[in-house]
Each structure stands twice: as C-alpha cells, then as structure tokens.
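Novice: Got a structure here, written out as structure tokens. Questions coming.
The values are calculated or read from the model by the stated rules, or taken from the named source; none is laboratory data. Only a predicted model underlies this, so the values are computations on that prediction, with no experimental measurement involved. Cβ coordinates were reconstructed from backbone atoms using ideal geometry, including for glycine residues, and neighbour counts include every protein chain displayed.
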Amino acid sequence: AQTVTQSQPEMSVQEAETVTLSCTYDTSESDYYLFWYKQPPSRQMILVIRQEAYKQQNATENRFSVNFQKAAKSFSLKISDSQLGDAAMYFCAFQGGSEKLVFGKGTKLTVNP
Amino acid sequence: DTGVSQDPRHKITKRGQNVTFRCDPISEHNRLYWYRQTLGQGPEFLTYFQNEAQLEKSRLLSDRFSAERPKGSFSTLEIQRTEQGDSAMYLCASNFGDTLYEQYFGPGTRLTVT
C-alpha cells in the first residue's frame, strides 16, 4: 500500500519570503501522479500543482514549484514570494493505478506579515 | 456556482441514529469520490463511482456505510447506527475522465456524533 509522509506539521514564513514544504512517499508502482492540495480554513480543498512521475522536469505554477526526486521518493513544494493568502493546510497526495488519492497528514502554513 | 456542492454542511446527531449526506458533482463529471477527514489528518478514501457504478470501496467503509449514485449524477452517503468514531468531515470530489484530471472537492459535510 502506498503511504505519504509529511514530516512538518507546521511551518511559518514571512510575507514575501520563500518556504519549502516536504513530502516523501512509498510505492512500488512506476507510473503515478503526485499532487499538492491547499485547504484554507473552512474552505474547500483546491489543487496547487501536479507532477507526473514519468516527467523529469519539475512542475511550476506561478509562485509554486516542486522538487521531484523520483529515486528518493521525495516531492517538496516551494512557495516563492509568500502572500497572506497562502496561509492554509497543505496536503501532499499520491495517485497510482487506483483512482483514489492517498494523502499525507498535512502541513499547516502560517504567513506572518 | 458550478462547483461541487454538499448538503448539509453540518450535521449533529445522536449515537445510533442514521444520517444521509448528499453530493452534487460538477455537471459534466462522470467520476465521483467520497473521502473522510478526521481532525489533524489528511482525507482518507472511502469509495468512488464512475457514472452509476461503484468501482472501488475502501475497507474503511464498514457495513454501516453505504453509498449510491443512482442516475450517475448526485450521490448519497448513508451511515447507519452512527458511532462517535464516525465524527469527521466527509468530503466529496468529482472529475471527468482519468487520472490526468484533477479531483474537484466540495466544501464537505461536518458530522458530529454525540
């Protein structure tokens, strides 16, 4: 069974600075997808960024980028120029041959003005 | 609003009662998912449908839980004889096609069993 581990329960960053959230996963599958989802307080979960395992190039979406290390089974999220609206729970998720998403426990990000 | 909607948003029930939640996916989406999220945890997969067919169920989905999607549109999740351990946020998500398409999540139904 796949597992996703987020070792940082909480992180904080100053507005306009950069922060990196860590995620590791375990799987025996070779084809899979990795996601970062954001869950703001009392609001629904939204997709931040997606990475296909077969792609060597790291995904980037505006201020959000990932560092995907397939051999190390590591998938970290970097948020540049942090904004107050980035404050939320961030979940790393894995999707393999099954349609289900397997989530980590999440990292609570606080952005300090 | 054309996003995923869930009803009710909050439900308080007494132990032993039955509850039913509803999820309306984005209209063109043929896949619908249910997840459960307890405090301090990430969502855990419960089940998913493609059109009206229930294709996968987690072992978390005990006999007290049943889900339906009768016409391939909205879905219901029923919990019979609720227990305090059922207290959680129940999330619904939908998408169209295959893995390449992100799952769009609804706001969730928060269940409290007293």
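Novice: How many residues, within the range A:104-113, are in a strand (DSSP E or B) and within 14 Å of chain B (Cβ to nearest Cβ)?
Specialist: 2
Novice: For residues that are closer than 21 Å to B:Thr82 by Cα and not acidic (Asp, Glu), tally how many sit in the range B:1-32.
Specialist: Summing the residues that are closer than 21 Å to B:Thr82 by Cα and not acidic (Asp, Glu) in the range B:1-32 gives 17.
Novice: Here is a follow-up. Within the range A:1-25, track down each residue that is within 15 Å of the chain's Cα centre (by Cα) and acidic (Asp, Glu).
Specialist: Listed by number, the list holds a single entry, A:Glu10.
Novice: Consider the range A:52-79. How many of its residues are surrounded by 16 or more Cβ atoms within 10 Å (Cβ to Cβ), part of a loop (DSSP other than H, G, I, E, B) and of a type in the set (S, T, N, Q)?
Specialist: 0
Novice: For the range A:89-103, which residues satisfy the criterion of being more than 7 Å from chain B (Cβ to nearest Cβ), assigned to a loop (DSSP other than H, G, I, E, B) and either at pLDDT 90 or above or buried (at least 18 other Cβ atoms within 10 Å of the Cβ) (or both)?
Specialist: Passing the criteria: only A:Gly96.
Per-residue answers, yes or no, for (1) surrounded by fewer than 18 Cβ atoms within 10 Å (Cβ to Cβ); (2) polar (S, T, N, Q); (3) outside any strand (DSSP E or B):
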position	(1), (2), (3)
B:Leu60	yes, no, yes
B:Ala67	no, no, no
B:Thr82	no, yes, yes
B:Pro107	no, no, yes
B:Leu111	no, no, no
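Here's the yes/no breakdown for (1) within 10 Å of chain A (Cβ to nearest Cβ); (2) β-branched (Val, Ile, Thr):
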residue: B:Ile26; (1), (2): no, yes
residue: B:Leu39; (1), (2): no, no
residue: B:Gly42; (1), (2): yes, no
residue: B:Leu46; (1), (2): yes, no
residue: B:Ser66; (1), (2): no, no
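Novice: With the structure loaded, tell me whether B:Thr20 is surrounded by 13 or more Cβ atoms within 10 Å (Cβ to Cβ) and over 13 Å from B:Thr109 (Cα atoms) or whether it fails that test. Walk me through it before giving the result.
Specialist: On the way: surrounded by 13 or more Cβ atoms within 10 Å (Cβ to Cβ): yes; over 13 Å from B:Thr109 (Cα atoms): no.
Answer is no for this residue.
Novice: Being more than 17 Å from A:Phe68 (Cα to Cα) and in a loop (DSSP other than H, G, I, E, B) is the filter here, so list the residues in the range A:3-47 that pass it.
Specialist: Scanning the range A:3-47 gives A:Gln8, A:Pro9, A:Glu15, A:Ala16, A:Glu17, A:Thr18, A:Pro40, A:Pro41, A:Ser42, A:Arg43, A:Gln44, A:Met45.
Novice: Report yes if B:Phe105 is away from chain A (no Cβ under 14 Å) and under 16 Å from the mean Cα position of the chain (by Cα), otherwise no.
Specialist: Values: away from chain A (no Cβ under 14 Å): no; under 16 Å from the mean Cα position of the chain (by Cα): yes.
No, not satisfied.
Novice: For the range B:48-58, what are the residues that are more than 9 Å from chain A (Cβ to nearest Cβ) and either hydrophobic (A, V, I, L, M, F, W, C) or not in a loop (DSSP other than H, G, I, E, B) (or both)?
Specialist: Within the range B:48-58, B:Phe49, B:Ala53, B:Gln54, B:Lys57 qualify.
Novice: Might you let me know whether the range B:6-24 holds any residue that is among the aliphatic types (A, V, I, L, M) and either more than 14 Å from the chain's Cα centre (by Cα) or under 19 Å from A:Gln39 (Cα atoms) (or both)? Even if it seems obvious, please write down each step before you answer.
Specialist: Going through the range B:6-24, the residues among the aliphatic types (A, V, I, L, M) turn out to be B:12, B:19.
If we keep only those that are either more than 14 Å from the chain's Cα centre (by Cα) or under 19 Å from A:Gln39 (Cα atoms) (or both) as well, we get B:12.
Yes.
Novice: Considering every residue within the range A:33-51, establish whether at least one is charged (D, E, K, R), surrounded by fewer than 20 Cβ atoms within 10 Å (Cβ to Cβ) and over 25 Å from B:Gly3 (Cβ atoms).
Specialist: Within the range A:33-51, not a single residue is charged (D, E, K, R), surrounded by fewer than 20 Cβ atoms within 10 Å (Cβ to Cβ) and over 25 Å from B:Gly3 (Cβ atoms).
Novice: Right, something else. Among B:Arg15, B:Arg22, which is away from chain A (no Cβ under 11 Å), of a type outside the set (A, V, I, L, M, F, W, C) and part of a strand (DSSP E or B)?
Specialist: Result: B:Arg22 is the single residue among B:Arg15, B:Arg22 that is away from chain A (no Cβ under 11 Å), of a type outside the set (A, V, I, L, M, F, W, C) and part of a strand (DSSP E or B).
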